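Enquirer: Have a look at this one before I ask anything.
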Amino acid sequence: MPPSLSRGARRAAFLPALLAISLVAACGGGSLSSGGGADANGDDSTPVKIGLSVPLSGVYAPLGEDMTQGFELYLKQRDNKLGGRNVTVVKADEGEGPQAGVPATTKLVTGDQVSAVVGIVNSATALGLKDTFVSSEVPLIIANAGADDITKDASPYIWRTSFTNGGVGESIGKAVAEEVGDGEVYIITADYAAGQEQIAGFKKSFEAAGGKIAGETYTPFGTTSDWQPYLNEIRNSGAKAVFSFYAGSEAVNFVKQYNQFGLSKTTPLYGTGFLTEGGVLDAQGEAAVGTKTALHYSDAVENDTNAEFVKAYQEAYNELPTTYAVQAYDAAAVLDKAIGSAETVDGPGIGKALSNVGDIDSPRGTWRFNDKHDPEQPYYLREVQKTDGGFSNVVIRELTK
Ligand code: PHB
């Protein structure tokens with residue numbers, strides 16, 4: 001397992017390097033290549049414009065930063081080319097929810113005329129964007145948002161390199177039922193599509209395995225900062241364990257308050273892996289130790305591609321990669337293959353080529369798109385442990401249904 005680094009603390013020292021990468025991406029630098037298909041006018045020398053829309057502000061801004069780093073690392077490793085074509089990256093701020101994210105991302109299509117867009121963290125924003133991409137025939141490669149309905153029509157213009165909310169919630173239900181045994185589990189989550197669907201998935205497999213629920217609370221998304229009243233309710237419910245979805249700064253505050261309230265000593269905390277992922281875990285520190293979660297990646301996953309990826313990521317950013325970074329890295333990998341084989345490098349051409357990208361050799365392990373355009377992939381049970389250099393989501397085992 002790679003050593004844990006303190007994330008963020010040394011990030012400032014790497015800003016000049018990051019700036020250089022961004023500039024190259026924005027300018028479409030590097031030498032021109034004849035690889036890849038021609039654009040709609042038959043020209044294969046002009047750079048391909050790709051939109052990158054992730055949160056640069058709001059609750060999920062740290063996730064956006066990880067995704068930018070993952071996407072830019074892939075480009076840097078390939079001389080700023082995808083499918084042999086130089087790339088110009090046009091960035092947009094997804095913000096916290098659809099009000100900001102839908103217009104900012106739509107502008108990439110209607111104003112900047114990009115050939116494809118990568119990104120989108122928030123499920124509600126992704127749902128609000130879906131029709132725009134389908135009707136304008138520009139592919140959207142969702143590199144996080146898990147809303148189940150986004151991919152239900154398997155449109156050639158909607159693809160996802162992350163997970164479905166139902167799938168990640170469902171992956172851990174049986175394991176929690178087995179670990180908790182006869183006791184009841186209390187559910188607490190952010191109240192919007194991601195939380196609702198992850199909990200629905202969790203309940204499906206948890207209850208099928210005989211699990212019982214002590215109570216459920218859905219907290220207002222983006223505006224909750226004091227969990228004290230909810231923690232009181234959890235204590236009074238007599239629950240033997242708690243299951244939760246939070247991400248970004250909400251995950252930091254919830255887990256810290258859970259610990260301060262004394263619940264981590266009596267009532268084990270479970271969740272989907274976003275609860276303790278990346279920079280969130282550094283901020284939670286000791287408070288998160290013992291929390292068990294499910295996700296499709298950990299920096300400790302053992303395979304050659306991950307070993308190389310972790311090394312390159314640490315060299316570039318002096319911190320360990322996160323699931324968010326891998327999802328965006330893989331979105332670049334998917335586009336690399338699609339652009340390389342597209343008959344025309346424009347929205348319809350790339351959309352068509354995405355059906356034939358086959359196996360993706362990813363740091364999470366090899367995966368491929370299923371018939372809905374979501375990744376077919378394993379999930380891992382992880383536990384937060386204190387390691388030599390800090391805190392880590394140590395992989396306990398692969399989860400089975
Ligand atoms: C979502 O809105 O789908 C979402 C957001 C943040 C996460 C996971 C899912 O960490």
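Enquirer: Given the options Asn165, Asn370, Asn318, which has the most mean-square fluctuation in a GNM of the chain, springs set between C-alpha atoms less than 10 angstrom apart?
Expert: Checking each option, the largest mean-square fluctuation is seen for Asn370.
Enquirer: On to the next question. Can you pick out the pairs among Lys292/Lys401; Lys49/Lys130; Lys311/Lys352 whose Cα atoms lie more than 23 Å from each other?
Expert: Exceeds cut-off: Lys311/Lys352.
Enquirer: On a C-alpha basis, how far is the centre of the stretch 92-135 from the centre of the stretch 288-353 in Å? Whole number, if you could?
Expert: 20
Enquirer: Over the stretch 290-377, what lengths in whole Å, largest first, do the semi-axes of the equivalent ellipsoid take, defined as the square roots of 5 times the eigenvalues of the alpha-carbon gyration tensor?
Expert: 27, 16, 10
Enquirer: Normalise the Debye intensity by I(0) for the chain, one equal point scatterer per Cα, no solvent, then take log10 at q = 0.15 Å⁻¹ and round to two decimals.
Expert: -1.35
Enquirer: 222 nm [θ] for the chain, helices only, -39500 (n - 2.57) per DSSP H run of 4+, per residue, to 500?
Expert: That comes out to -12500 deg cm²/dmol.
Enquirer: Hey, another quick one. When only Cα pairs under 8 Å and 6 or more residues apart are kept, what is the percent relative contact order across the chain?
Expert: Reported as a whole number, the value is 21 percent.
Enquirer: Next question. List every residue whose amide H lies under 5 Å from the amide H of Ala92, counting only residues 5 or more places away in sequence or on a different chain, with H placed 1.01 Å from N in the peptide plane.
Expert: Amide H neighbours of Ala92, under 5 Å, 5+ apart: Leu52, Ser53, Val54.
Enquirer: How tilted is helix 123-136 with respect to the longest principal axis of the chain? Cα atoms for both, answer in degrees (0 to 90, nearest 10).
Expert: Orientation of helix 123-136: about 20 degrees from the principal axis.
Each reported figure results from applying straightforward, stated rules to the coordinates on display, with no laboratory input. Quantities reported herein were computed from a predicted structural model and do not represent experimental measurements.
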